[in-house]
Amino acid sequence: MEAGVSGGAPLPRLRRPLRPGTEPRDPLLPQPPFGGGETAEESTAVEKKKQPLARLNIHSAFWILASIAVTYYFDFFRTVKETIQADSWWLASGSCLLAACLSVAFYCIMYLEWYCGIEDYDTRYPALIPITTATFIAAAICFNVALWPVWSFMTPLLLFIQFMGVVMLVSLLG
């Protein structure tokens, strides 16, 4: 006798269907479209009826509050001021790169999206996103090198928390 087969009885069904009262579908038969069989016009009408998500949610509030806490408990601004006074080239170059990154970001948000009304600026101007990303990564490396003597291994973590707080704060704009 083979393992798992008892007489001629059918095998017991171990998995339950997702919804009670529904029969499992045969995977070889053609399935309805993923959206539930709606036409394109119906699906776009449903998408337009959906309200946008709230800009301030628990996730963004957490990162903003964490950034405020890091700023307060680690004397972030005092440390940066002392590093500036020490004439750190790493901090100066990181600040210039961050200013370039933020200027491109604000150009996208304020000018292209708000003033010109271009919602998909990443498809019209595909070079903006890689340029912004590259300048931000270079600025992050410069800031880590400049502030490493102060906080050592905590520097990347503290700068990441500050970054997430700023990103969530900026996301409230657009």
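Worth pointing out:
- Any pair with Cβ under 8 angstrom, 6 or more apart, that starts in the range 142-164 at a residue that is farther than 15 Å from S88 by Cβ and touching a residue at least 12 places away in the same chain (Cβ under 8 Å) and ends at one that is open to solvent by 60 Å² or more (accessible area, probe 1.4 Å) and not in a helix (DSSP H, G or I): L158/F74
- The conditions of being open to solvent by less than 50 Å² (accessible area, probe 1.4 Å), of a type outside the set (D, E, K, R) and under 23 Å from Y72 (Cα atoms) are met by A146.
The values are calculated or read from the model by the stated rules, or taken from the named source; none is laboratory data. All values reported here derive from a predicted model rather than from experimental measurement. Cβ: placed from backbone, ideal geometry, glycine included. Neighbour counts: every protein chain shown. Remember, those area values only see protein heavy atoms, side chains included, never the ligands or the DNA or RNA. Shrake-Rupley method; radii C 1.70, N 1.55, O 1.52, S 1.80 Å.
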